[in-house]
Structure formats: C-alpha cells, structure tokens
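Heads up, the thing below is written out as structure tokens.
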Amino acid sequence: MAKESFKIIESAYGKAGVKILHVSQQGSVHTIRELEVETSLTLNNHKDYERGDNSDIIATDTQKNTVYILAKQYGISSPEEFGLILANHFISKYPWVVKAKVTLSAHPWQRVTDTAGRPHNHAFVSTPLSVRVASVLLIRGQMPVVSAGIRNLRVLKTTQSAFVNFVSDEYRSLPDFKDRLFSTIVTADWTYGKINQELDFDSAFSTAHASVLEVFAGPADKGIFSPSVQNSQFLTQKMILEKIPQVEQISISMPNVHYFGFDLSKFPRIPGLEGKCSGDVYLPVDKPSGQITSTLARGMITSKL
C-alpha cells in the first residue's frame, strides 16, 4: 500500500498593522507621512514548518523594526517608494528570502489653511475623503510589481443618472429609472507596467483620484449623464489609462449604495406631502446592494502601414 505524502505548496509570514508617522523638514516647512504597513516574506525552504527549525526565520518583530529603521534612514517620499525600499531590503539582505510583499495604506492628512488662504507650515487636519493604498511584490530575480489604489471613496449625485432597458422577465420587479440618485463607494486598484523617471507616484495617485470624480460628477454647473454604473466604471478606467501611461491595468469595484424614496402615502391626513414641499426624502439602504466590478487593461497596439 502506497504511503500518502504531503507537500507545502505555499507559505508566507510577516508583520501586520505596523503604524508609523514620519516627519521631514525643509527650513520651516514640515511634511508628514502616516502609514500602516504589512510585510510578508516567503523563504526558499519550509524547515520551520516541517521540523520546527527557526534558523532562517526573520522574526516578525525584526520586520517591524526594519520599517522604522529604514524610514529613519531613507525617509518616506511616497507609499510606493517606501514599499520598494522595504522589499529590496528583505531580498538583498537575506539570500534565502525568495519573495517579499509589502502592503501600505496612507492616512489622509492635509495642511491647515490659515485665514489668508496660506497652507500652514506645520499644522495638519485629517481629511478622510478616501484611503490611499499601495503594494510592492518583489520575487528574487524578477522586476518588482508595484500597485496602488483607492479605498472608501464614497460619492453621491442626486440626478443625471439612469437605469433603463434591462432584462424584463417574470423575475423582475425593479422599474425603469430615467432619473435617479446615484451613490457608490469606489474601490480601485491599478498596476504599473513600467517604473521610470517620468513616473511620480504622488502625481499618479492624484490623477487617478481626480479622474474618478471627473467621470462621476462632470462639470459643476451641468454634471454628466450616467446610463449605468458599468458605463461610468469603464469610462473612469479608460481615462486613467489615457492619463497615466505607466499604468498597465486597473480594476474598480463600485457597489450600489441605495437611497429609496420614503413612502409618504401612508400619511394622507397631512396635506402637501404628495408634492415637492421642502424637497425629497430618501431612506438609505446599504444591504442588499448591487456589486459592479471590472478590470480594464491595455490592448495590443497594431500599426497600419
């Protein structure tokens, strides 16, 4: 009778929730970066798992210390750049590490503006409009894969959105909406296909963030029409790929955040409720919700001779 054998096919370990605030100074102007970092290392052997031999383990506490030490040595110019510094350190210092992954999220701080409209030199306000994330994956002998993204960007517009002409069968109960309230929470992740001197990670993030809002909202006075979440999602991805040539592909998730009109017909003895009155009243409903996701990548470029 053959003896059954087992093989570890994947393993990694690291430190999560490493929080750090870095303050740099140029003259009287201070700059801050607050990150939460997670490190993950894969070794070229499994003797720690299979035999309890810890001789190749870089302790997760050591990984945590490394975050603070490298921040002190090199600073934090952007989450992506700092992720590259960390990943390269683990690969170059420890020959038995075959893969290093660093995941980072940035706390959103902005400078306080004084009464004269000037950005403050050393005072900041937390502005949780969204969360910036980044990831660096470095496999020994290969080029690093750098990704960035947006989390928790919640947006809403009260008109210029519709949803009509979808499948109508015996299961359908949703009517056509020619003008509806549109709200979603945007999650976006994009991967840089090339990292060159022209790539500014901070500028790229700002461009991607602004593109999401531009496609969603449009001009301030007129807005922009959205026939579906799917179409808005595609146009956002297309704009980001057009504006940031280093981005190879982008994935976006946009769940529907529903606001349903409150049924005021239950109160017939109160006059005027059937009209506009002071405005419209909606009931926020977070579950269940539609989930719309897609990934847009660059296609092959063919030349016409």
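The values are calculated or read from the model by the stated rules, or taken from the named source; none is laboratory data. Keep in mind it's a predicted model, so treat the numbers as computed, not measured. For neighbour counting, all protein chains shown are included, and Cβ atoms are generated from backbone atoms with ideal geometry for every residue, glycine included. Keep in mind that these areas ignore ligands, DNA and RNA; they rest on the heavy atoms of the full protein, side chains included. Shrake-Rupley method; radii C 1.70, N 1.55, O 1.52, S 1.80 Å.
Could you give me D for the stretch 204-305, from Stokes-Einstein at 10 °C and 1.306 mPa s, where the hydrodynamic radius is the Kirkwood radius over C-alpha pairs? Units µm² s⁻¹, please.
Working: Rh = 17.0 Å.
Calculated translational D: 93 µm²/s.
If you place +1 on the Cβ of every Lys and Arg, -1 on the Cβ of every Asp and Glu, and leave all else neutral, what size is the dipole of the stretch 219-300 about its Cα centre, to the nearest 20 Debye? Could the numbers behind the result be given before it?
Values: 8 positive and 7 negative charges, 6 e Å.
Around 40 debye, computed over the stretch 219-300.
Residue-wise, which Karplus ³J(HN,Hα) couplings in Hz belong to the stretch 18-32, taking 6.51 cos²θ - 1.76 cosθ + 1.60, θ = phi - 60°, and x for glycine or proline?
Karplus-based 3J(HN,Hα) across the stretch 18-32 equals 7, 9, 8, 10, 10, 10, 10, 9, 10, x, 8, 9, 9, 10, 10 Hz.
So what does Trp190 come to for accessible area, using a 1.4 Å probe and Å² rounded to 10?
0
Report ³J(HN,Hα) in whole Hz for each residue of the stretch 61-75, in order, from the Karplus equation J = 6.51 cos²θ - 1.76 cosθ + 1.60 where θ = phi - 60°; Gly and Pro get x.
Result, rounded to whole Hz: 5, 5, 4, 4, 4, 4, 4, 5, 5, 5, 5, 5, 6, 10, x.
Under a GNM of the chain (C-alpha, springs under 10 Å), which listed residue has the highest mean-square fluctuation: Ala162, Ala134, Ala204?
Between Ala162, Ala134, Ala204, it is Ala162 that shows the largest mean-square fluctuation.
What accessible area, in Å² to the nearest ten, does a 1.4 Å probe give for Thr113?
90
What is the dipole size for the chain, taken about its Cα centre, with +1 at each Lys and Arg Cβ and -1 at each Asp and Glu Cβ, in debye to the nearest 20?
On the way: 32 positive and 29 negative charges, 33 e Å.
Using only the charged Cβ atoms, the result is roughly 160 debye.
Would you kindly find the accessible area of Asp286, with a 1.4 Å probe and non-protein molecules such as ligands, DNA and RNA excluded, rounding to the nearest 10 Å²?
We get 110 Å² for Asp286.
What is the set of long-range amide H partners of Ile292 at a cut-off below 5 Å, with H atoms built 1.01 Å from backbone N?
Here the answer is Met254, Asn256, since their amide H atoms fall under 5 Å of that of Ile292.
Could I get the Rg over Rh figure for the stretch 161-254? Both from C-alpha atoms, Rh via Kirkwood, rounded to two places.
On the way: Rg = 16.2 Å, Rh = 15.0 Å.
Reported Rg/Rh (Cα atoms, Kirkwood Rh): 1.08.
Using only the alpha-carbon atoms, how far is helix 201-217 inclined from the longest principal axis of the chain? Give it as 0 to 90 degrees, nearest 10.
Rounded to the nearest ten degrees, it is 20.
Give the angle, between 0 and 90 degrees and rounded to the nearest 10, that separates the Cα long axis of helix 229-243 from the longest principal axis of the Cα atoms of the chain.
Long axis of 229-243 versus the principal axis of the chain: about 50 degrees.
What is the helix-to-structure angle for 79-93, meaning the angle in degrees between its Cα long axis and the longest Cα principal axis of the chain, kept from 0 to 90 and rounded to the nearest 10?
20
To the nearest µm²/s, what D does Stokes-Einstein give for the chain at 4 °C and 1.567 mPa s, using the Kirkwood radius over alpha carbon pairs as Rh? Show your work: numbers first, answer last.
On the way: Rh = 23.3 Å.
So the translational diffusion coefficient is about 56 µm²/s.
Going by a ≥ b ≥ c, the root eigenvalues of the Cα gyration tensor, does the stretch 48-169 fall in the rounded group (a/c under 1.5), the prolate group (a/b larger than b/c) or the oblate group? Don't skip to the answer; put the middle values down first.
Details: a/c = 3.05, a/b = 1.43, b/c = 2.13.
Since a/c reaches 1.5 but b/c is at least a/b, the shape of the stretch 48-169 is classed as oblate.
Just want to confirm a number: the relative contact order over the chain, from Cα pairs under 8 angstrom separated by 6+ residues, in percent. Could you put the intermediate results ahead of the total?
Details: 520 pairs, mean separation 36.5, N = 305.
So the answer I get is 12 percent.
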